[in-house]
Amino acid sequence: MNIEQIYTGCLAQGAYYIESDGEVAIIDPLREVSPYVKRAENDNAKIKYIFETHFHADFVSGHVTLSKETGAPIIYGPTANPSFDAIIAEDGQEFKLGKITFKVLHTPGHTMESTTYLLRDEDGKDHAIFSGDTLFLGDVGRPDLAQKSADMTQEQLAGKLFDSLRTKIMPLADDVIVYPAHGAGSACGKNMMKETVDTLGNQKNMNYALRADMTKEEFVKEVTDGLLPPPKYFPLNVKMNKEGYEDIGDVLDRGNVELSPNEFEKAANDTEALVLDVRHQDEFVKGHIPRSIFIGLNGDFAPWVGDLIADTKQPLLLVIPEGKEEEAITRLSRVGFDSAIGYLKGGIEAWKAAGKEIDQITSITSSEAKGLIDKGNVGIFDVRKDGEYLSEHLVGAVHTPLSELNKHLSEFPNQGEFLVHCAGGYRSVIASSILKSRGIHNLIDVKGGYGALKNEDLEKTDYVCPTTL
């Protein structure tokens, strides 16, 4: 047998291609399914099953399209109720794939339909589990996302998760390999490891949620403690995964349309589309379309689009580096944003050549920022996440996390300059673009963010290890 983890760093998501004796199973596929189909063709194999571990919230799965193209059935665990044809497996049901077998382990808690798939080799030995969002490396799935649909509290769901782990997963042998659906950076857990594959034995030793002496009450408290609000687009992605969605080919055809500067400007005025600039932050700082929002392809692009724009139906006009048009539209579609209606032909240079208005962001080095801070009377706004800020920050900096920036608009001064920084310079430019779109222009971006500022002779709080927090 062959097991391949197909990891997408932007989403911190792992899909799986498993082949045995000419038959293939795909687990939690991405929305663009052609790589799976082509891979199976190259292997002279047939895609037989599409396993879904649950209704994903953080990305749109490719299950519907892949089933349509291959004829392979979609398989969910018990209690799932999708709007399309699917096999709703029973707990313990087995599916044969070539010489190997998948056994369904119903593991509710993250969601009620959450299911782990146990792979047994041709000798019947337990080889691996594909744990979805039930068990991560170093963590477990957050139990607060399905409260409304399950008509349960997050504490009740956490209790379900405790039982699932203790009765279905922890009794398995230590040498069983764990293949989770996500790694570090995903909003589906709190503190995942950067590794994406591990043994169950190691997880039993180091994962706080798998402590053998842990009571259910302790588990519920620890798993629910410190949960940040989920990104706003999560419910919309669940809906798409549960009810179906438009074919990605149609999405690409609609969005991959080049528009001249005049056509672009007219479309923006006629449709109330949001102008999304996905170039590198250094390019955006030098010149951009006024009131456009920056979220660069080189960072955690899709999750930030989902969290900050939120409305997947919002029409989008794109400013894209040449040759990256299909990539940008595809990555938007992964989180349900199917409403791109075109991109600026010739990019920002064509916009300038057409005599259109250009805006810029003032951006300075950390040493220049130190000079302003030393003079006093300059505000400092830190847009990093809670854990980053609490770990260490400049004394006097106001914490305004990027994901909640709109809640903090009243805190920014109307007069006088203020500094905006993140950890490395990507998120601060996102924040600056949002502020400028809201009419707040007296900001200065700090290049290199806190990574550069901490090397300056500036007063900082005592460092606290993030894992301690």
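For the range 412-425, the set of residues classified as out of contact with any helix residue (DSSP H, G or I) (no Cβ under 8 Å at 6 or more places or on another chain) and either open to solvent by 30 Å² or more (accessible area, probe 1.4 Å) or at pLDDT below 95 (or both) consists of Pro413, Asn414, Gln415, Gly416, listed by residue number. Residues in the range 1-18 that are open to solvent by 20 Å² or more (accessible area, probe 1.4 Å) and aliphatic (A, V, I, L, M): Met1, Ile3, Ile6.
Candidates are the residues of the range 144-162 that are farther than 16 Å from Lys221 by Cβ and assigned to a helix (DSSP H, G or I); the one that is least open to solvent (accessible area, probe 1.4 Å) is Ala150.
Restricting attention to the range 426-467, the residues being at positive phi and open to solvent by less than 10 Å² (accessible area, probe 1.4 Å) number 1. Across the range 258-270, the number of residues qualifying as open to solvent by 60 Å² or more (accessible area, probe 1.4 Å) and in contact (Cβ under 8 Å) with a residue 12 or more places away in the chain comes to 4. Where helices (runs of 4 or more DSSP H) sit wholly within the range 184-271, those with at least 2 residues that are farther than 28 Å from Asp307 by Cβ occupy 200-206, 216-224, 261-271. Considering the range 347-362, the residues that are under 31 Å from the mean Cα position of the chain (by Cα) and open to solvent by less than 30 Å² (accessible area, probe 1.4 Å) include one that is farthest from Ala268 (Cα to Cα), namely Ile361.
Hey, any hits in the range 32-50 for a residue that's touching a strand residue (DSSP E or B) at 6+ places or on another chain (Cβ under 6 Å), surrounded by 21 or more Cβ atoms within 10 Å (Cβ to Cβ) and assigned to a loop (DSSP other than H, G, I, E, B)? Checked against the condition, which is being touching a strand residue (DSSP E or B) at 6+ places or on another chain (Cβ under 6 Å), surrounded by 21 or more Cβ atoms within 10 Å (Cβ to Cβ) and assigned to a loop (DSSP other than H, G, I, E, B), the range 32-50 yields no hits at all. Mind checking whether some residue in the range 181-196 is open to solvent by 50 Å² or more (accessible area, probe 1.4 Å), small (Gly, Ala, Ser) and at pLDDT below 95? Taking every residue of the range 181-196 in turn, at least one turns out to be open to solvent by 50 Å² or more (accessible area, probe 1.4 Å), small (Gly, Ala, Ser) and at pLDDT below 95. Within the range 334-348, one or more residues are in a helix (DSSP H, G or I) and not β-branched (Val, Ile, Thr). Cβ separations smaller than 8 Å between residues 6+ apart or across chains give the following pairs from the range 289-317 residues that are within 27 Å of Glu349 (Cα to Cα) and open to solvent by less than 10 Å² (accessible area, probe 1.4 Å) to residues that are of a type in the set (Gly, Ala, Ser) and assigned to a loop (DSSP other than H, G, I, E, B): Leu316/Ala273; Leu316/Ser339; Leu317/Ala273. For the range 91-137, filtered to residues that are open to solvent by 10 Å² or more (accessible area, probe 1.4 Å) and under 25 Å from the mean Cα position of the chain (by Cα), the residue that is farthest from Pro231 (Cα to Cα) is His106.
Of the residues making up the range 393-411, at least one is surrounded by 15 or more Cβ atoms within 10 Å (Cβ to Cβ), in a loop (DSSP other than H, G, I, E, B) and touching a residue at least 40 places away in the same chain (Cβ under 8 Å).
The values are calculated or read from the model by the stated rules, or taken from the named source; none is laboratory data. Just so you know, these numbers come straight off a predicted model, no measurement behind them. FYI the Cβ positions are ideal-geometry reconstructions off the backbone, even for glycines, and counts take in every protein chain you see. The area values use the complete protein model at the heavy-atom level, side chains included, leaving out ligands, DNA and RNA. Shrake-Rupley method; radii C 1.70, N 1.55, O 1.52, S 1.80 Å.
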